[in-house]
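For reference, the structure is listed below as structure tokens.
The values are calculated or read from the model by the stated rules, or taken from the named source; none is laboratory data. Since the structure is predicted, the reported quantities are computational estimates derived from the model, not experimental observations. No Cβ is skipped: glycine too gets one built from the backbone with ideal geometry, and neighbour counts run over all protein chains shown.
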């Protein structure tokens with residue numbers, strides 16, 4: 001059975017348009033969900049809005065939106081005023097520009113959706129857009145109204161269809177400079193860098209999402225099953241993390257080099273060109289040593 005579309009409209013580039021359907025690509029609906037219960041009665045607990053001063057319940061029709069302009073002072077917006085702010089939708093996903101696939105920093109990525117033809121009559125135009133993008137190795141930037149807000153969508157070829165990723169607005173993405181402002185400038189070199197490169201090279205692999213398990217979800221499922229079956233549950237004590245006091249020693253252990261072993265990471269490959277001849281030792285002095293590159 002085909003999934004239910006979240007949105008239907010038209011994908012348009014220039015004068016070429018085709019009806020498309022948008023489907024959720026990632027969802028948390030299959031996660032285990034809990035209800036809040038009254039321990040004494042076993043009944044579900046419902047939330048109610050109450051006045052913060054009087055403590056009395058506030059009915060739905062008496063609830064309005066408010067924006068705090070100063071401490072305890074609000075500008076009240078009526079439901080029809082909020083509704084008027086929702087942009088009008090023409091159900092058109094109009095492509096503004098084609099860009100290189102790697103031009104958008106992934107910190108701007110919000111939620112992915114699959115795009116497919118809405119009906120058989122749209123297949124030819126849809127495939128033309130998809131294959132044109134694939135041949136030119138480009139992505140598309142488009143805009144439309146999704147879920148009451150105008151959104152920018154990054155569209156890319158994906159298998160037999162397209163994947164559209166809504167993008168965060170610039171004001172929503174925090175500057176990395178703020179997060180990294182306290183990091184000192186350091187230079188890593190020598191044995192430490194060689195060990196780090198060696199560890200990374202031995203850990204190289206490929207991304208396979210099927211190999212990444214949600215251990216928290218699996219533990220919750222087993223916990224629920226044990227409760228249903230009446231089995232005794234013993235809470236697991238978290239394992240204390242090991243303290244790393246010596247970064248170099250931690251690197252050596254990660255690279256498989258023993259603590260007392262002075263063996264270093266694999267040496268770099270020698271340069272292909274012939275090394276210059278050493279100068280003879282001078283009496284009373286030292287033989288000149290070539291410095292490692």
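Please count how many residues of segment 106-125 are under 24 Å from the mean Cα position of the chain (by Cα) and either at positive phi or without any contact (Cβ under 8 Å) to a residue 12 or more places away in the chain (or both). Full working, then the answer.
Just the residues of segment 106-125 that are under 24 Å from the mean Cα position of the chain (by Cα), to begin with: 106-116.
With either at positive phi or without any contact (Cβ under 8 Å) to a residue 12 or more places away in the chain (or both) added as a condition, the list becomes 106.
Going through segment 106-125 one residue at a time, the tally reaches 1.
Taking strands (runs of 3 or more DSSP E) that fall entirely within segment 1-103, which contain at least 2 residues that are without any contact (Cβ under 8 Å) to a residue 24 or more places away in the chain and either touching a strand residue (DSSP E or B) at 6+ places or on another chain (Cβ under 9 Å) or surrounded by 12 or more Cβ atoms within 10 Å (Cβ to Cβ) (or both)?
65-70, 73-77
For the list (1) part of a strand (DSSP E or B); (2) within 28 Å of residue 23 (Cβ to Cβ); (3) modelled with pLDDT under 95, I need the number of the one condition that residue 157 fails.
Of the numbered conditions (1) part of a strand (DSSP E or B); (2) within 28 Å of residue 23 (Cβ to Cβ); (3) modelled with pLDDT under 95, the odd one out for residue 157 is (3).
For residues that are surrounded by 13 or more Cβ atoms within 10 Å (Cβ to Cβ) and over 23 Å from residue 90 (Cβ atoms), tally how many sit in segment 148-160.
Going through segment 148-160 one residue at a time, the tally reaches 3.
Identify, by number, the condition in (1) in a loop (DSSP other than H, G, I, E, B); (2) over 22 Å from residue 191 (Cβ atoms); (3) at pLDDT 85 or above that residue 280 doesn't meet.
(3)
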